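Asks: Here it is, the structure, as C-alpha cells.
Laboratory data are not the source of any read-out in this text; all were calculated from the coordinates shown. Quantities reported herein were computed from a predicted structural model and do not represent experimental measurements. Note: ideal-geometry Cβ built from the backbone for every residue, glycine included; neighbour counts use all protein chains shown.
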Amino acid sequence: MSERMSAYIDHTLLKPEATRRDVIRLCREAVENNFYSVCINPSYVKTAASELQGTGVKVCAVVGFPLGATTSAVKAFETAEAVDNGAEEIDMVIHCGAVKNKEKQYILDDISAVVRSAKGRTVKVIIETGLLSDQEKVLACQLAKEAGANFVKTSTGYGPGGATVADLQLMRETVGSSLGIKASGGVRTAEDVKKMIEAGATRIGTSAGLSIVKES
C-alpha cells in the first residue's frame, strides 16, 4: 500500500527559509520513497534537477506563488526559466481576484501564457479553493481546462483551508476525466490521502510524505 500511495505524492518544500541543503535532502527522500516529484520554489529547480537526474523523480516548480497576483508576463517568464533549469511540471497560482470578478478572458490569457511557456510540460492550476465560492471554483476549473492546463489543484497551503472531499468531488464533476486533480493543503495522514484519492484526486501535494508513507 505504501508504494502505491507514494506514487501519488509530490514531496513538497515551499517554506521561504528552506536552504539548498534542505532541498537536496528533499530530493534524496523522494528517490528513497519513490515519490512522483519534488515540488519546490523556482530558485532551487536547477539544484533539484541535478540531484534527481536519472532517478525518475520529476521536478515541479511553483509559479506566481503563493498569491497568483503577479502579471501574466511575469508568470510566463518564471515558467520559461523554470523549464530551462529543468522543471518538468509547473504549479501556477490563478489570480483569485480575477476569478471573483469573473474576468474570464484575463484568466484564460493568464493560464494560456503559462501553458505556452511550459512547452508541453504538465501545468497544474492552483485555484485556492479556500478563497472561492462553489460557483467560482467551477468557473476556475472550466477556464483552466479551456486554457489547456493538465491539472487543477486545490490550494497553495498558504491560503485559508485546504483540500476537502467536497471540493475534490466538485472539481472532478466540473473537469470530467480529462484533467488531473491535485489535492494540496492539510493532507497530513495516510487516511487523508485515501479519502482524497477516493474523491477524485490523481496527485497529492504534501510536506508530510515521509510520515504518510511510514504510516501506510
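Asks: Summing -39500 (n - 2.57) over the DSSP H runs of n ≥ 4 in the chain and dividing by its residue number, what mean residue ellipticity at 222 nm do you reach, to the nearest 500 deg cm²/dmol? Please report the intermediate quantities before stating the final value.
Replies: On the way: 10 runs with 100 residues, N = 216.
For the chain, the value works out to -13500 deg cm²/dmol.
Asks: Within straight cross-link reach of Lys100, meaning Cα distance under 28 Å, which lysines are found once same-chain residues fewer than 8 apart are removed?
Replies: Within the straight-line cut-off, Lys100 pairs with Lys15, Lys75, Lys124, Lys137, Lys145, Lys153, Lys182.
Asks: Starting at 0 and stepping by 10 Å, how many percent of the alpha carbon pairs of the chain end up in each bin?
Replies: All Cα pairs, binned at 10 Å, distribute as 9, 38, 38, 14, 1 percent.
Asks: Turning to a different aspect of this structure: Taking the number of other C-beta atoms within 10 Å as the exposure measure, put His95, His11 in order starting with the fewest. Show your work: numbers first, answer last.
Replies: Values: His95 24, His11 27.
Sorted ascending by nearby Cβ count, the order is His95, His11.
Asks: For the residues Tyr158, Tyr8, what sequence is obtained by ranking on other C-beta atoms within 10 Å, fewest first?
Replies: Tyr158, Tyr8
Asks: For the stretch 3-90, what log10 I(q)/I(0) values come out of the Debye formula at q = 0.25 1/Å, with one point per alpha carbon and no solvent?
Replies: Log10 I(q)/I(0), no solvent term: -1.22.
Asks: Then there is this: Could you work out how far the C-alpha centroid of the stretch 137-216 sits from that of the stretch 31-61, in angstrom?
Replies: Value for the Cα centre distance between the two parts: 20 Å.
Asks: Report the net charge of residues surrounding Glu51, where surrounding means a beta-carbon distance below 15 angstrom and charges are Lys +1, Arg +1, Asp -1, Glu -1. All intermediate terms of the calculation are to be shown ahead of the outcome.
Replies: Working: positive: Arg20, Arg21, Arg25, Arg28, Lys46, Lys58; negative: Asp22, Glu29, Glu32, Glu88.
That works out to +2.
Asks: Pick out, from Gln105, Val138, Val62, the residue whose Cα sits farthest towards the positive end of the charge dipole of the chain, with +1 on the Cβ of Lys and Arg and -1 on the Cβ of Asp and Glu.
Replies: Val62
Asks: Tell me, which cysteines of the chain are without a disulfide-compatible partner by the Cβ under 4.7 Å rule?
Replies: Cys27, Cys96, Cys141
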